[in-house]
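The values are calculated or read from the model by the stated rules, or taken from the named source; none is laboratory data. Quick caveat, the model's predicted, so the values are computed rather than measured. Here the Cβ positions follow ideal geometry from the backbone for every residue, glycine too, while neighbour counts run over all protein chains shown. All accessible areas refer to the heavy atoms of the entire protein, side chains included, with ligands and DNA or RNA removed. Shrake-Rupley method; radii C 1.70, N 1.55, O 1.52, S 1.80 Å.
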Amino acid sequence: DNAGSAEQVRPLLPGTRSCLVLITSRDRLAGLVARDGARTLPLGVMPSDEAVDLLARVIGSERIFHELSATIELTAACGGLPLALRISAANLADQPHRSIAEHLGELVGGDRLAALEIDGDADTAVRGAFDLSYTRLTEETRRTFRLLGLVPGPDFTAEAAGALLDLPDPAAGRLLARLADAHLIERLMAARFTFHDLFRDYARARAADEDGPAECSAALTRLYDYYLHQADAAARRLGPHSMALLLTK
């Protein structure tokens, strides 16, 4: 469960065809595919109906029935992540007189990562699960992940990431690919990437703690300058005389 590398797994593989090994990991573990005949099965987040069923098994169908709308919103606030859903369900089961809507309000109105943990059990927390993946990254990749959490809007390109990080586009692209391989960001298409909402929250919190206001502000200024120059270039291409921006180098 949650294997960190192919090297960690190989000593555990059996030498006969009568055994099946099931491995879960945030990494793609491509080496096991290449050398050991593994088959990959990418898993997305839980669909809403399955997420509702998971909650119902823990807190009971009656509570779900009476607050179905709030329950569906809760599955969205948990991002469809099974661990986040189970933590929410466990907290609700421990407080049978508390409404799902009240729990939802706490989740969306405050620190979601702080709300998605179990009191007295530090190992059962969304933040702790994210920590395991984050600490396996190189320092350069961790910095990339943190600063990407600051990006406004739903997605970003390697060029935008390069401006944010103050790196050449090819270097930024390689770092994005590493994060996508670790499933810490998601590849929308060949040239665009996005965050799962909870990972964005986590990255932004890490940036505030580890990079500080000055570095975060400088990174965003570089990104906004890039957006501004791109918008100016597009405007000049579409209509050279229709709009002019006063830009400074």
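Per residue, region 102-191 exposes 46 Å² of accessible surface when a 1.4 Å probe is rolled over the protein heavy atoms with every protein chain present. Rounded to the nearest 20 debye, the dipole magnitude of region 1-104 is 540 debye, with +1 charges on Lys and Arg beta carbons, -1 on Asp and Glu beta carbons, and the Cα centre as origin. Here the label points at Phe65 and Asp111, each 7 Å from Cα along the C-beta direction, are separated by 3.8 nm in the simple model. Between rounded, prolate and oblate, where does region 1-123 land on the alpha carbon gyration tensor, with a ≥ b ≥ c its root eigenvalues, rounded for a/c under 1.5, else prolate if a/b exceeds b/c? Taking the square roots of the gyration eigenvalues as a ≥ b ≥ c, region 1-123 is prolate.
Based on the alpha-carbon gyration tensor of region 93-156 and its eigenvalue square roots a ≥ b ≥ c, which shape applies: rounded if a/c is under 1.5, prolate if not and a/b is larger than b/c, or oblate? It is oblate, given that a/c is not under 1.5 and a/b is not larger than b/c. Computed from the alpha carbon positions, the gyration tensor of region 137-212 leads to an equivalent ellipsoid with semi-axes of 16, 14, 12 Å, biggest first.
Once you order the gyration tensor axes a ≥ b ≥ c over the Cα atoms, which shape class does the chain get: rounded for a/c under 1.5, otherwise prolate or oblate by comparing a/b with b/c? It is oblate, given that a/c is not under 1.5 and a/b is not larger than b/c. Mark the label point 7 Å from the Cα of Asp181 along Cα→Cβ and return the residues of region 1-21 whose backbone N is within less than 12 Å of it. Output list for this probe position: 5-6.
Extension gain Arg39-Tyr227, at 0.36 nm per residue separation less the Cα-Cα distance, in nm?
So the chain would gain 63.6 nm between Arg39 and Tyr227.
Share of carbon and sulfur in the accessible area of the chain stands at 55%, probe radius 1.4 Å.
Each Lys and Arg adds +1 at its Cβ and each Asp and Glu adds -1 at its Cβ; summed about the Cα centre, the chain shows a dipole of about 1040 debye.
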